[in-house]
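Here is the structure we will look at.
The values are calculated or read from the model by the stated rules, or taken from the named source; none is laboratory data. No experiment lies behind these values; they were computed from the predicted model shown. We place every Cβ from the backbone using ideal geometry, glycine too, and count neighbours over all the protein chains shown. Each accessible area value is taken on the protein alone, full model and side chains, heavy atoms only, with ligands, DNA and RNA left out. Shrake-Rupley method; radii C 1.70, N 1.55, O 1.52, S 1.80 Å.
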Amino acid sequence: MRALVTGTNGTVAPVVVDALRAEGATVLAWDRAAHPPTSAESVRQSVAEMAPDWVLHLATGSEDWAGWIAQACAAQGRRVLFTSSVSVFAPRAHGPLPPNAEPDATDDYGRYKARAEALVREAAPDAVIARLGWQIGPAPGTNTMTDWLHRQSAEGPVEASTRWLPACSWLRDTAAALAALVGRAEGGTFHLDGNKGLSFYEITTRLSARLGLDADIRAADAPVMDLRLSDPRITVRDIADRLS
Ligand SMILES: NC(=O)c1ccc[n+]([C@@H]2O[C@H](COP(=O)([O-])OP(=O)(O)OC[C@H]3O[C@@H](n4cnc5c(N)ncnc54)[C@H](OP(=O)(O)O)[C@@H]3O)[C@@H](O)[C@H]2O)c1
């Protein structure tokens, strides 16, 4: 299987590349300098030239790019996996949310991800759309809860709600679940979440201990939110295994 992956200078994509290679895939990275994603035609040509079986679109960037990749894949008989986010949902007290829950984002990032999802779905009905929660890695790096905790704890005490259940998963476990979605015959929207019931307070306290951070984490009773994602078709390893 030949996979083309976007966003490989970012946080999630390099770990997904490792997971795909571990499964025997040939992986190409989309180099935006060589293949600028500036129009439907340039994207069509780039995808045709690189000739993947699957495009895994993990980069952020314009929603048009996502739509153009899906159009190219649909026209050329290739498959596309697009990573979206729990941010397509507004904060709420009751979860977890199933894959058919209606996106109702209240912030710009969530609305952007929801629009990109819609463009991908419209152009490629067999697309795999994978919504992810907040990623937790083994060390500080860009765009993870680990990095956030490092920065917050360096500034002073960290308030963490005992009544917020976030969608989140260990980055390597997310990557393994994404690699397992590649090759699926049927498309659709999938929820990847490894949080079976830990509060933000429990997660940050355990993560701090695991990292040897000694962060001053203080239990708070707000916000009250359950933003976990559910999907009986997908197994993502329980974060409790990583944070025990
Ligand atoms: N990290 C998380 O906790 C998290 C949570 C939920 C969902 N996600 C989703 O997972 C995917 C990967 O996230 P990530 O954390 O790896 O993202 P990231 O580290 O912020 O960036 C990923 C890549 O996006 C590309 N990019 C950024 N700005 C761009 C622009 N203006 N135009 C074109 N490309 C641009 C870059 O690609 P190049 O490599 O080409 O430079 C960058 O390496 C995204 O779809 C994100 O929404 C992540």
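Numerical summary
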quantity: Residue in region 165-177 that is without any contact (Cβ under 8 Å) to a residue 12 or more places away in the chain and either more than 14 Å from the chain's Cα centre (by Cα) or not assigned by TED's automatic domain parsing to the domain that holds Val80 (or both) present; calculated: no
quantity: Subset tally (residues that are closer than 21 Å to Met1 by Cα and open to solvent by 10 Å² or more (accessible area, probe 1.4 Å)) for region 54-82; calculated: 10
quantity: Pairs where the first residue, in region 1-21, is surrounded by fewer than 18 Cβ atoms within 10 Å (Cβ to Cβ) and the second is of a type in the set (D, E, K, R) and assigned to a loop (DSSP other than H, G, I, E, B), C-beta under 6 Å, 6+ apart; calculated: Met1/Asp53; Arg2/Asp53
quantity: Those residues of region 135-191 which are assigned to a helix (DSSP H, G or I) and within 12 Å of the ligand (Cβ to nearest atom), in sequence order; calculated: Met145, Thr146, Asp147, Trp148, Leu171, Thr174, Ala175, Leu178
quantity: Subset of region 1-44 (residues that are among the basic types (Lys, Arg) and more than 10 Å from the ligand (Cβ to nearest atom)); calculated: Arg2, Arg21, Arg44
quantity: Flag for Ile234 being out of contact with any Lys or Arg (no Cβ under 7 Å at 6 or more places or on another chain), among the aliphatic types (A, V, I, L, M) and crowded, with 20+ Cβ neighbours inside 10 Å; calculated: no
quantity: Residue check, Pro125 more than 16 Å from the ligand (Cβ to nearest atom), open to solvent by 20 Å² or more (accessible area, probe 1.4 Å) and within 24 Å of Arg184 (Cβ to Cβ); calculated: yes
quantity: Any hit, region 192-207, residues being away from the ligand (no atom under 13 Å from the Cβ), surrounded by fewer than 16 Cβ atoms within 10 Å (Cβ to Cβ) and at pLDDT below 95; calculated: no
quantity: Filtered residue count, region 151-175, keeping only those that are open to solvent by 50 Å² or more (accessible area, probe 1.4 Å) and either out of contact with any Phe, Trp or Tyr (no Cβ under 6 Å at 6 or more places or on another chain) or of a type in the set (Lys, Arg) (or both); calculated: 8
quantity: Leu211 vs. criteria aliphatic (A, V, I, L, M) and under 20 Å from the mean Cα position of the chain (by Cα); calculated: no
quantity: Gly133 vs. criteria buried (at least 17 other Cβ atoms within 10 Å of the Cβ), touching a strand residue (DSSP E or B) at 6+ places or on another chain (Cβ under 7 Å) and within 30 Å of Arg206 (Cβ to Cβ); calculated: yes
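Matching residues to (1) open to solvent by 60 Å² or more (accessible area, probe 1.4 Å); (2) farther than 22 Å from Trp148 by Cα:
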{"residue": "Asp108", "(1), (2)": "yes, no"}
{"residue": "Lys113", "(1), (2)": "no, no"}
{"residue": "Ala116", "(1), (2)": "no, yes"}
{"residue": "Arg121", "(1), (2)": "yes, yes"}
